[in-house]
């Protein structure tokens, strides 16, 4: 197994399938005001670096770094459920952390769903700790906000 993380296109059909699955899961688990995912076109903004992770040339996951100037925000992290446990999420987070460091960003922040316990454990493993809402987010019972220094 060889995982490769590289810049990707949110409009690639394989990526769109992953993003749509992620959005469907969020819509199933959380009320509309608790869903903070970016639409596919929004992931093409100049301040966003969108990444994919492939295993044997098959895209199995994605994630993005949104450069907020004073910090980076981890967005759109999703790994195909059939491919979980291969290290794809770890590879994405490591790559995003390196990109943020190279951009001179002092910290990474994220918002995830409180019900997504596996994701929260993954982020904690990578040094993220819970914090208060940031940016345009407001406190929400379904949201968990996290941050790590780089």
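Some observations on this one:
- Restricting 75, 86 to residues that are modelled with pLDDT under 95 and under 20 Å from residue 15 (Cβ atoms) narrows the list to 86.
- No other residue among 38, 18 is under 13 Å from the mean Cα position of the chain (by Cα), surrounded by 18 or more Cβ atoms within 10 Å (Cβ to Cβ) and modelled with pLDDT under 90 apart from 38.
- Boolean, residue 73 is more than 20 Å from residue 18 (Cβ to Cβ), surrounded by 18 or more Cβ atoms within 10 Å (Cβ to Cβ) and touching a strand residue (DSSP E or B) at 6+ places or on another chain (Cβ under 9 Å): no
- Residue check, residue 127 more than 16 Å from residue 3 (Cβ to Cβ) and part of a loop (DSSP other than H, G, I, E, B): yes
- Residues that are under 23 Å from residue 7 (Cα atoms), in contact (Cβ under 8 Å) with a residue 12 or more places away in the chain, outside any strand (DSSP E or B) and touching a helix residue (DSSP H, G or I) at 6+ places or on another chain (Cβ under 6 Å) are absent from segment 93-107.
- For residue 8, the criteria (1) farther than 23 Å from residue 146 by Cα; (2) touching a residue at least 60 places away in the same chain (Cβ under 8 Å); (3) crowded, with 18+ Cβ neighbours inside 10 Å hold in every case but one, which is (2).
- Only listed residue being more than 16 Å from the chain's Cα centre (by Cα) and at positive phi, chosen from 104, 87: 104
- Criterion violated by residue 81 - all others in (1) in contact with a helix residue (DSSP H, G or I) (Cβ under 9 Å, 6 or more places away or on another chain); (2) over 21 Å from residue 119 (Cα atoms); (3) exposed (fewer than 13 other Cβ atoms within 10 Å of the Cβ) satisfied: (2)
The values are calculated or read from the model by the stated rules, or taken from the named source; none is laboratory data. Owing to the predicted nature of the structure, the values given are computational and were not obtained by experimental measurement. A quick note on method: Cβ atoms are made from the backbone with ideal geometry, for glycine too, and the neighbour counts reach across all protein chains shown.
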